[in-house]
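Report on the structure given below.
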Amino acid sequence: MRKFKEIEVKAYSGYKGDEKPVSFNYQGDDYSVKRIIESCKLSEKNSAIIYNVFKIKTTEGKIFKLYYDDIYCKWFLETD
């Protein structure tokens, strides 16, 4: 079962807000996004909530999966 933790993310905003993550803070550590490995949109069954999902690699070489909630404008990190 997936678990999620709400986090603060600095994101690139082009023609719409929070298009893609640039950096984020998790457990007191700051991470910069080196590259986006993959991205997709995910919708919850029987819900209007749509998530933009980003699998990213940080400059430290760590891999994370970040979710952006388009309706509530919040970022989440998938945890174990």
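A few remarks follow.
- The stretch 2-80: chymotrypsin sites (Phe, Trp or Tyr not before Pro) in DSSP coil with no more than 14 other Cβ atoms inside 10 Å: Y15, Y72
- 13 Å beta-carbon shell around D30, net charge (K/R +1, D/E -1): -1
- For the chain, the Kirkwood hydrodynamic radius from C-alpha pairs, put into Stokes-Einstein at 20 °C and a viscosity of 1.002 mPa s, yields a diffusion coefficient of 167 µm² per second.
- Remark: the stretch 18-26, residue by residue, has Karplus-estimated 3J(HN,Hα) of 6, 5, 7, x, 10, 7, 7, 10, 9 Hz, where x stands for each Gly or Pro and the curve is 6.51 cos²θ - 1.76 cosθ + 1.60 at θ = phi - 60°.
- Cross-link pairs K41/K74; K5/K34; K10/K45; K16/K45; K16/K65 - those with Cα-Cα distance over 19 Å: K5/K34; K10/K45; K16/K45; K16/K65
- Per DSSP, loop GluC sites (Glu not before Pro) in the chain with at most 15 further Cβ within 10 Å: E19, E44, E60
- The label-point distance for T79 and S32, in a model that sets each label 7 Å from Cα toward Cβ, rounds to 2.6 nm.
- FRET efficiency, 1/(1 + (r/R0)^6) with R0 30 Å, evaluated for E8 and A48 via beta carbons: 0.80
- Between the residues W75, G61, I49, the greatest Cα displacement towards the positive end of the dipole of the chain, with unit charges on the Cβ of Lys, Arg, Asp and Glu, is found for G61.
- Check: the chain dipole with +1 on Lys, Arg Cβ and -1 on Asp, Glu Cβ, in debye: 260 debye
- Total formal charge among the other residues, if their Cβ is under 15 angstrom from that of T59, Lys/Arg +1 and Asp/Glu -1: +2
- For the stretch 56-68, putting each phi into the Karplus relation 6.51 cos²θ - 1.76 cosθ + 1.60 with θ = phi - 60° gives couplings of 10, 10, 8, 5, 7, x, 7, 10, 9, 10, 10, 10, 10 Hz, in residue order, rounded to whole numbers and with x for Gly and Pro.
- With at most 16 neighbouring Cβ atoms within 10 Å, loop trypsin sites (Lys or Arg not before Pro) (DSSP) excluded, longest segment of the chain: 17-44
Coordinate-derived values only; no laboratory data. The shown structure was predicted, so the numbers you read here are calculated from the model rather than taken from an experiment. Backbone-built Cβ (ideal geometry, glycine too); neighbour counts: all protein chains shown.
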